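Presented below is the structure to which this report refers.
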Amino acid sequence: MDDDLIDETGAPLSRYTKLPGTGFFYPDSLDDERAERRASETISDSEAVVIADGDADGLACAAMIREAYGAALDVEPFEAAIAERAAGTDEGEPADGDSETTDDVAVDDTPDDAEPDDTPDDAEPDDAEPDDAEPDDPTENAHMESPVGLVSAGPYSLDTALERVVAYADDGIDLYVCDLCPDEFEPIEEALDALSASCASIRWFDHHQWDDAVAAAVRERGVDLVVGASDEECTADVTLRSLDHDFDERWAELAAVTRDHDLWIKEDPRSDDLADYSYWSGSEEYAAVIGAYGADLPPVVREYVETRRVEKAARIDAAVDRAVTHEVGDWRVAVTYGRCSQNEVAEALRERGADAAVIVKPAGSASVRGSEGFRHAHEVAGKVNGGGHPQAAGCKPDIYDDMLDYAHHWTTEGQACKRVILTAFEAVAEEVEADDADDVADAVADDDQ
């Protein structure tokens, strides 16, 4: 493929936001080979390994664990690299800057995220680091430098991440899994069985809504699973209170600010800074910076984030302008398409009167966001190959068989995906109506007794 066909330089935003980022066109076989190599380099000889969602919440957990082990990376090389990007000397975008992640399939999806701006935020590469670093880039090998290895993953790649720990980790390591909730146990069963036998300990911190049977199966393998209330805590909160370490106050503040965005509280302006920065940086960089500075990002990072927000705002505006509102049962459902920040788009659509918002992404995934009047996002997503929270969920409908299907997806702004998701809304509306009718009937019966 001619590189110019996927080069966004000079292209109008109205066109390139309808297409996936360049990483989408990178063959899975090559990406898998690269991810396998990086996993080996990250995991081998590590004292502990953290598998974490690559959003602000998951990476805050990783930073806390490294702090507890005294294994944080030196932040200065990262600050130098950030300064170059902010100055425009590095025009390239980090690989996860346009990814459709974690937090877009089963977990992109907290009221974040909880997306998360997430998570499976969708079949994102298992690590989200740029692969085009210059040979003299001091951060090029950062993934190999800490004795606590960090592996970014989403719900759909959790099984692969666990299998790579089985393949490359020494016996007797401590394993942590953070901000990830498997929809089913079977995909992770074999790897978790092997790790239960080889690891010194396995601790799993999360705040998503777990299936009782899945949680029981995980705990039966000797895993210390701690799940916080999804509407009260983010996973950083869970991790902070679960680790046996004397953290100073800045870590509690980091958890609080992360929660502010992850649960869509939106009372602390710093939470948007953390969320945006985690989206636009690699996982090693983010963990190192917040590990050093906590929720108060240094000036060089704030400058970088502000330069990126100009583009972000334009994408949000484009997605909001494309939205069409549908009446489904008692709900107004706004549906749009494009590469954008789904949480901000959903918020804008709610302000325009939508009870629920659907943001269909060019890579084929979609985020479903609710409101106080619509708390069924996870039910809708669950009908189209996804899941999440009552007010924030993600999915990727199984409707893409070949590139012609994707071509149709791009040229019609996700028409088929939108139709499938709206059908799911209709099914949920019927179920809610039936449940309400049953409740009324039960109430009448009680009155007659």
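Computed quantities for the displayed model
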read-out: Filtered residues of region 13-32 (kept if of a type in the set (Lys, Arg) and touching a Pro at 6+ places or on another chain (Cβ under 8 Å)); value: 18
read-out: Single condition residue 323 does not satisfy, out of (1) closer than 15 Å to residue 139 by Cβ; (2) more than 21 Å from the chain's Cα centre (by Cα); value: (1)
read-out: Check on residue 74, of a type in the set (Asp, Glu), assigned to a loop (DSSP other than H, G, I, E, B) and under 27 Å from residue 243 (Cα atoms); value: yes
read-out: Test: residue in region 165-183 that is surrounded by fewer than 24 Cβ atoms within 10 Å (Cβ to Cβ), modelled with pLDDT under 95 and not aromatic (Phe, Trp, Tyr); value: yes
read-out: Residue satisfying condition, being among the charged types (D, E, K, R) and at pLDDT 95 or above, within set 339, 352; value: 352
read-out: Pairs where the first residue, in region 187-202, is of a type in the set (D, E, K, R) and the second is buried (at least 16 other Cβ atoms within 10 Å of the Cβ), C-beta under 7 Å, 6+ apart; value: 193/221
read-out: Given (1) aliphatic (A, V, I, L, M); (2) in contact with a Ser or Thr (Cβ under 8 Å, 6 or more places away or on another chain); (3) under 30 Å from residue 79 (Cα atoms), index of the condition residue 314 fails; value: (2)
read-out: Qualifying residue in region 383-393 (condition: more than 22 Å from the chain's Cα centre (by Cα) and at negative phi); value: no
read-out: Residue that is charged (D, E, K, R), in contact with a Ser or Thr (Cβ under 7 Å, 6 or more places away or on another chain) and under 27 Å from residue 395 (Cβ atoms), where the choices are 174, 212, 183, 206; value: 206
read-out: Selection status of residue 84, part of a helix (DSSP H, G or I), over 19 Å from residue 388 (Cα atoms), charged (D, E, K, R) and modelled with pLDDT of 90 or more; value: no
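The values are calculated or read from the model by the stated rules, or taken from the named source; none is laboratory data. Remember, it's a predicted structure, so these values are computed and weren't measured experimentally. Virtual Cβ from ideal backbone geometry, glycine too; neighbours counted across all protein chains shown.
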